[in-house]
Every structure is written in C-alpha cells, then in structure tokens.
Amino acid sequence: MEDRPDHRAHIRDFLATRRAKLAPERVGLPTSGRRRVPGLRREEVAVLAGVSTEWYTRLEKGHISGVSEEVLDAVAQALRLDQDERTYLFDLAQAARPARRAPSRRKDVQVPPRVQWLLDSMTMSAAFVRNGRQDLVAHNALARALLAPVFDSPATTPNGRANLARYVFLDPGSQRFFVDWDAATAVSAALLRAEAGREPHDRALRDLVGELSTLSTAFRSQWAAHDVRIRHAGSKRLRHPQVGDLEVTYQSLDLPISSRTVYDLTIYTAEPGSTSEERLKLLTSLAATQPAHPTSQPR
C-alpha cells in the first residue's frame, strides 16, 4: 500500500530540511569546493547511514513504510537528529505503516478533579494543563491572571476554549504580550508539528493547522521549517497589561490522563528575590479577588 501523498510530503520535507541544516564540518566532511545545496548532499547522508544513495533518495521522497527501526535509527544518527526529531521521524514511520484496522478516533477526556486540586494547590506558581493542540483545558488562579490576554482573546477555539497557538498567530496583541514573539511562534509551530506526527488522523488538529496556514504568514513560515518540539522548558519574557514586564521560567511535564491524547502540565515560576517574583506575587493577590474561572469541557 502506498503512503498517502500528503504523508510522503511531510517525510520528504522533514528529512530535506534536516539535511540542509547539517553543516559538513559537523560530521567531519571537507568543506572545500563549491556546493550546490546547503548542508549535506543525499549521497553523504547515505554514506553516514550505511545505506545506498538510491535507497536514501527513495526514503527522502517519502517512501518510509516498511523501513526497519535499525535503519531509521542509522538515518537519525547520520542527520544528527535530537531526541524530539528522532521521535517525530519514528512517529511518521509508524503512521505510514499499513493499518490493520481504521484508526480509532481521538477523544479528549475530562480533566479529573485530582488534577484540578493539584493545580489549585500551587498558589505561588502559574500552572495549567494543555493538550497537543495547545488548548488550555485546566488552570489555576495564577495562570488565569498571568495569561489573561490569552484567556480573554477573541482568538479562541470554536467551543470557546483558550488556545495558545491561535492566540500567538491570530491575535495581534500577542506580539506585545510575548516580548520574544518570534521565539513564541517558533515554539508553538514546532509543538503542533510534533503533535501532527503523533496524531496524523486528528481532524481537529488538521483543521487548526489549515486555518493557521490560511490566516497567518508567520505560521506558514514556521510550519515550513519542519522544526519539532516535544519537551518544553525555558524562559519567557512577558509584558503583562496589569503588572508590567516579567521574566518567568517554565517547565512542562507529561500528564498521563488519557492513553489516547497527550496532555502536559506546564508550570511558570520566577527567580526568587527578583522583580518578576514580586510582580508574580502581585498577580497572586489580584487573582485571589477574582471569581473562580470554570474549567472548559472537552469536545
């Protein structure tokens, strides 16, 4: 059975962009002489992976169904893929294999009360739960206050749920809220790219990607880069409408709520003793005076 043309395109473009980013000197190849393409040539990747040029060329054209894990691992090593990129490549290979039965429809689940209790217990950190489409499905009071521009944005999902990707790419206010807006767009698109590898049959995800591609030049550019992000951590600079500029660190952790849908718990904190921590404390006080925000229901 042939892979679907759109799936072949994902594989082709991902491998081609990884090859183009890999400088010859990184893999011990000479850099002298004129190169017609950026990065490595196909035959160079083939040699590094221990396969024929013809075989690798066929793989880069998207014919990945039936390829063994050992060969995929050799290609991943040859292209110096990081762990997230390697996972994505294996997800693409899994999706390309002929299915014995129709894939089950992805189903979001209700966030159980114990998770909301956990979020509410974090009074000095902003914490929220997000699914792979970047819908915010649960949050604590400080997260609601810190991310007020996201929750209050008109760029919500059709069911009224706050969505980080829609906010970043469709709400002009995001360019002020995220001081490093370009970095925010890169991360958001890379997270969606990883989710597309995990869940190629998710219609809601395909609709979201299609809408963002139609309405946002920035998204089209970031999506074409084929960058992938699964593990999510770092720092952000935010320009909050109530308390001003903050620099927060964040860490995302897998949250095993459902076997069919990926959820993660994201926690924002500030450096102890910093101005950002003082402003986060001020937001905590402000959040305590606001009514509880109801948790959105899954579709």
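The values are calculated or read from the model by the stated rules, or taken from the named source; none is laboratory data. Remember, predicted model here, so these are calculated numbers, not experimental data. Cβ atoms come from the backbone with ideal geometry, glycine included; neighbour counts cover every protein chain shown. With ligands, DNA and RNA removed, areas are computed over all heavy atoms of the protein, side chains included. Shrake-Rupley method; radii C 1.70, N 1.55, O 1.52, S 1.80 Å.
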Requested in this report: State, to one decimal in nm, how far the label point of Ala9 lies from the label point of Leu29, with both points 7 Å from Cα in the Cβ direction.
Outcome: 2.7 nm
Query raised in the report: Fully extended, how many nm does the chain gain between Val37 and Glu211 (0.36 nm per residue separation, minus their Cα-Cα distance)?
Result: 59.4 nm
Query raised in the report: Of the accessible area of the chain, with the probe set at 1.4 angstrom, what percent is carbon plus sulfur?
Result: 51 percent
Report summary line: Relative contact order of the chain (C-alpha contacts under 8 Å, at least 6 apart) in percent is 18 percent
Query raised in the report: What Rg and what Dmax come out for the chain when only alpha-carbon atoms are used, in angstroms?
Result: 21.3, 67
Requested in this report: Quick one: angle between helix 275-288 and the longest Cα principal axis of the chain, in degrees between 0 and 90, rounded to 10, please.
Outcome: 60 degrees
Query - Spin-label zone in segment 254-276 - amide nitrogen under 18 Å from a point set 7 Å from the Cα of Val179 along the C-beta vector - result: 268-276
Requested in this report: Grab the beta carbon distance between Glu69 and Arg114, set R0 = 51 Å, and tell me the FRET efficiency rounded to 0.05.
Outcome: 0.90
Query raised in the report: Could you give the nm distance between label points at Thr249 and Arg203, where each point is 7 Å from its Cα heading toward the beta carbon?
Result: 4.4 nm
Query raised in the report: Rg(Cα) of segment 221-277 divided by 2.2 N^0.38 Å?
Result: 1.47
Query raised in the report: Taking Cα centroids, how far is segment 153-183 from segment 200-265 in Å?
Result: 10 Å
Report summary line: Here the gain from full extension of Glu278 to Ser235, 0.36 nm per residue of separation minus their alpha-carbon distance, amounts to 13.8 nm
Query raised in the report: With every protein chain left in place, what is the accessible area of Trp55 in Å² (1.4 Å probe, nearest 10)?
Result: 90 Å²
Query raised in the report: Can you pull the Rg over Rh of segment 175-285, Cα-only, Kirkwood?
Result: 1.02
